Amino acid sequence: MCRYFDSGLRALNKLSADDPAIWLDSVAEADPERLLIRTTDKRLYSYGKVADISGRFATYLSQCGVCAGDRVAAQVDKSPEGYILYLACLRMGAIFLPLNTAYSKAEMEYFISDAQPRLLVCRPESIEQTKAIAEKFNVHKTLSLGIDGTGTFIENALSCQADGFTRFSGDASDAAALLYTSGTTGRSKGAMISRRALVYCANTLAECWQFTADDILLHVLPMFHGHGLFIAGNTVLAAGAQMIFTNRFDVNEVIRYLPEATVFMGVPTMYTRLLKHPDFSKNVCRKLRLTISGSAPITSETLEAFRKRSGNSIVERYGLTETLIVTSNPCNGMGEPGSVGIPLANIDLRIADIETGVELTEPNTVGKIEVRSPCLFNGYWRNAEKTAQDMCSDGYFSTGDLGTIDEKGFLYLVGRDKDMIITGGYNVYPKEVETEIDALKNVQESTVIGLPHPDFGEAVTALVISETPGELNEASMLSALVDRLAKYKCPKKVLFVDEFPRNAMGKIQKNLLKQQYEKLYQEIGQTGN
Amino acid sequence: MTIQHIVLLKAHEHVSDAEMDALMAKVKQLESIPAVLEITATKNINDRDHGYSYGAVMKFADASSLQCYLEHPEHQTMSAEVKRVCADILTVDFEH
């Protein structure tokens, strides 16, 4: 079986007691002027400057009463300062909790009540609403941080000393971050990611993807997600490389900045949008040496079209919030088409029987993907029951994905055994959406499925049986859901039906519905935004 | 450490100040290239200029950004236009 052997073990031994901020410290000391972040509004942040600001932030966090192990929640727009807040938490030992800016008030109330952060940082325009939530759940302090580096957090923190805090000296297995993943039972779960997992993952990826200090990553991903925060951000730090920060994915902006980048990381939706742009060409990609895709399956058509237009092959990798990166195709062009690659160093992968859980050793047999890795999460926040449910007794984590491994050890994804939908790179669990729809007046029953969509990969689609036919309509349902669900979780379409196909046990046969409506978004001209 | 890219221009005798002023305005527009942090492009006010009476000072984040600018199609077009109206061009780069 192919495997990335050596580098990861060395990385684990070398840095097991540290965290990604140690890389910031070491470059800042050796070469403080080296550039770490450049923004599209032409602000520059050297390693030295980021170390200085993160030190001031860490001091201010300590002055606010934040201690090692306390949660610091941030629902802020992407900015260098937002990223530096994460680094400050690493340095002083707080657990960083990034929250999607699209979360509704109801969702925020759940996260804050569950995580019980000591400090909450939000967008300046959301300060009043956020303060109300914070007061309700006894959050110690609420401060603001704007997209342009302004806000009450910055105003207070920048006047602090850069060395007025105690550097975290606890265990590398302690949690560094808490990332909420969508829940199959209607509620998201907080995955606790350890400092060791972050170090191991970034170090291994930097070697596997051959990162050097000369690399420039065009960073277009959100920072409230493991992909943008850990896979992209930490790997750059591990290599002492540079990032060009865009506030969001804007295809015109990407076309303008790609000629400067050597590395690009994206989700499939971004690649399909780039391919639709008339100016996307080999010339635009002339410096690109590495293009990574993850967070959702990418079609073979997109892979081939991208290769022809850009001259670059997209490297697919596979991972989850709970596992960080598990597999990657080699970046030397020796990957297998359709595969998400081979396991990274010291990561064990197996396929288990869907019903019995017994390991399937015969190549190319479909089963549940299970992972054992130094990058595995510490468990779900205050949810030992769910943690125990997903962890096998021998240390393997059950990913909820289905796949096969071929004779050479390459992993192929074939589906998900939990019906999870991936839309535009975001995970949506149908149960959470169904619960909100079922709570609406005149809804008898609903089911939510993911249907192929040329832009989003999959589109969240609701099928509803009305208690009183004719009483419900799509527009009123969607407007009612806007306040209850983040925009990306809201259905792109609501279809009204008289009944659902069910099996002998009465369970809705979602596979039949998916087949029946497979071409919905082609037929209706890709409606949905 | 940023890079200051300085370009000094000696216009052909037949080229008017108005034409050079218009050219400087176009050079300033190159600031829209992502790799460029800042451009100042104007007429010289020093009387010891040896005929290099126009110039531009450009700021870049690092050597890689400067290289990107030099390879950018908009710069290539502008470079051709500058060479057409100028008898000589001096270029120096300073790390700052």
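We did not get these values from a lab; they are worked out from the coordinates using the rules stated. The model shown is predicted, which means the values in this text are computed figures rather than measured ones. Quick reminder, even Gly has a Cβ in these numbers, built from the backbone with ideal geometry, and neighbours come from all protein chains shown.
For chain A, averaging the sequence separation of C-alpha pairs within contact (under 8 Å, six or more residues apart) and dividing by the residue count gives a relative contact order of 13 percent.
From helices alone, chain B scores -11000 deg cm²/dmol at 222 nm; the rule is -39500 (n - 2.57) for each run of n ≥ 4 DSSP H residues, then divide by the residue total. Over chain A, dividing the summed -39,500 (n - 2.57) contributions of all DSSP H runs of at least 4 residues by the number of residues returns a 222 nm mean residue ellipticity of -8500 deg cm²/dmol. Using 0.36 nm per residue of separation minus the Cα-Cα distance, give me the extension gain between A:ASP171 and A:ASP279 in nm, one decimal. Length difference between fully extended and current span is 33.9 nm. Take each residue in B:59-69, count the other chain C-beta atoms within 10 Å of its C-beta, and the mean is 4.
For region A:297-337, the relative contact order is 27 percent, taking Cα pairs closer than 8 Å that sit 6 or more residues apart in sequence and dividing their mean separation by the residue count.
For A:HIS453, the residues whose modelled amide H falls within less than 5 Å of its own, excluding neighbours fewer than 5 places apart on the same chain, are A:GLU458, A:ALA459. Note: region A:261-322, Cα convex hull, 76 Å³ per residue.
The distance linking region A:128-169 with region A:436-479 is 39 Å (Cα centroid to Cα centroid, whole angstrom).
Coupling constants for region A:380-385 follow from the phi torsions by the Karplus curve (6.51 cos²θ - 1.76 cosθ + 1.60, θ = phi - 60°), and in residue order they are 8, 4, 6, 9, 4, 5 Hz; glycine and proline get x.
Round to a whole angstrom and tell me the spacing of the C-alpha centers of region A:365-432 and region A:317-332. Going from one Cα centre to the other spans 13 Å. Measuring between their Cα centroids, region B:60-92 and region A:31-61 lie 30 Å from each other.
Our Cα-only numbers for chain A put the radius of gyration and Dmax at 22.7, 71 Å.
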